[in-house]
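First the structure, in the form of structure tokens, and then the observations on it.
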Amino acid sequence: MRTIQEIRCPNCGSKAERHHIIESKLTRTQCPDCDYLMVTCSRTNKVIEAYAPGIYARS
């Protein structure tokens, strides 16, 4: 089962989607405007995959 929630993108503020994927215990947040992507484990909240153009990681 999958539920989709409309949210604001944490990167650019545009409308984005958060997909809760029950079978695989994943949450995927994606924005079509700025190409933001964040996939996390629903159980542990650990980041599985992330891509955020314009946000730089600390060294």
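At a glance:
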| quantity | calculated |
| --- | --- |
| Packing rank of 8-17, 29-38, where each peptide gets the mean count of other beta carbons within 10 Å, highest leading | 29-38, 8-17 |
| Cβ-based exposure ranking for V39, V47, in which fewest neighbours within 10 Å come first | V47, V39 |
| Relative contact order %, the chain, counting alpha carbon pairs below 8 Å whose residues are six or more apart | 23 |
| Compactness of the chain, expressed as Rg and Dmax over alpha-carbon positions, Å | 11.7, 38 |
| Summed side-chain charge close to I48 - residues other than I48 whose Cβ falls under 14 Å, Lys, Arg +1, Asp, Glu -1 | +3 |
| Extension reserve of the I21-R2 stretch, reckoned as 0.36 nm per residue once the Cα distance is removed | 6.4 nm |
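Read-outs: derived from the displayed coordinates by stated rules, not from any lab. None of these values were measured; they are calculated from a predicted model. With ideal geometry, Cβ positions are generated from the backbone for all residues, glycine too; neighbour counts draw on all protein chains shown.
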